Amino acid sequence: MDWIPLLSTAFGAVIGVVATLLADRVRARSNRQEEDRALKRRLYGDYLAALSLTRQNLRTAARSLSVSHAERTRMALDSFKEASVYQARYQVSLVAHERVVEASTAAFNALRSLRDLVEAGGGSHGDPAYRAAQNEWTGCFATLRRCMRRDLDS
């Protein structure tokens, strides 16, 4: 009996099986990476939306000079609760790259500084301290968006 054709067939089958397994593994890794990227994209978008909503609510509180100080303070404090910004921040911190987490913390702290100004009564829209805090927030928010884009692109 001639063994060469039989061995050639068996060797070809082994090569085919190994190639299929490798292709499946590469495809699974690619799918997992795409799912991870989609999750990050969703969480990043949700967090940016929560920050933006919080900022808008703080702007409303800062411009509401006709209401009492107690009411403006309540509005400022509620702005963080209504947008669920704390929850979104913690979710991002679980999946984000370290530089995104650092930028996230800076943006969050800048937004909290705006809240503190409104809460303290000095956070009217024309106040120089409010304008400085607003500029700080704007810069931190832009940095956060850049870091998130870089993370999603890598």
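General remarks:
- Residues of the range 60-89 satisfying the condition of being touching a residue at least 24 places away in the same chain (Cβ under 8 Å), open to solvent by 70 Å² or more (accessible area, probe 1.4 Å) and assigned to a loop (DSSP other than H, G, I, E, B): L65
- Subset tally (residues that are open to solvent by less than 20 Å² (accessible area, probe 1.4 Å) and at pLDDT 95 or above) for the range 121-139: 1
- Which listed residue is buried (at least 18 other Cβ atoms within 10 Å of the Cβ), more than 18 Å from A49 (Cβ to Cβ) and among the β-branched types (V, I, T), from V92, V118, V100: V118
- Being modelled with pLDDT under 90, in a helix (DSSP H, G or I) and loosely packed, with under 14 Cβ neighbours inside 10 Å is a condition met by no residue of the range 38-59.
- The range 15-25: number of residues that are open to solvent by 80 Å² or more (accessible area, probe 1.4 Å) and among the hydrophobic types (A, V, I, L, M, F, W, C): 4
- Between A106, A61, A96, A83, the distinction of being more than 29 Å from R37 (Cβ to Cβ) and of a type outside the set (S, T, N, Q) belongs to A61 only.
- Hey, L39 within 26 Å of D116 (Cα to Cα) and either touching a residue at least 40 places away in the same chain (Cβ under 8 Å) or of a type in the set (D, E) (or both) or not: no
- If you go through the range 105-140 and pick out every residue that is small (G, A, S) and assigned to a loop (DSSP other than H, G, I, E, B), you end up with 5.
- Residue match in the range 26-37 (condition: at pLDDT 85 or above and open to solvent by 90 Å² or more (accessible area, probe 1.4 Å)): yes
The values are calculated or read from the model by the stated rules, or taken from the named source; none is laboratory data. As the structure is a prediction and not an experimental result, all values here were calculated from the model. Because the Cβ atoms are built from the backbone with ideal geometry, glycine has one as well, and the counts that use them run over all protein chains shown. Please note that ligands, DNA and RNA were not included when accessible areas were found on the heavy atoms of the full protein model with its side chains. Shrake-Rupley method; radii C 1.70, N 1.55, O 1.52, S 1.80 Å.
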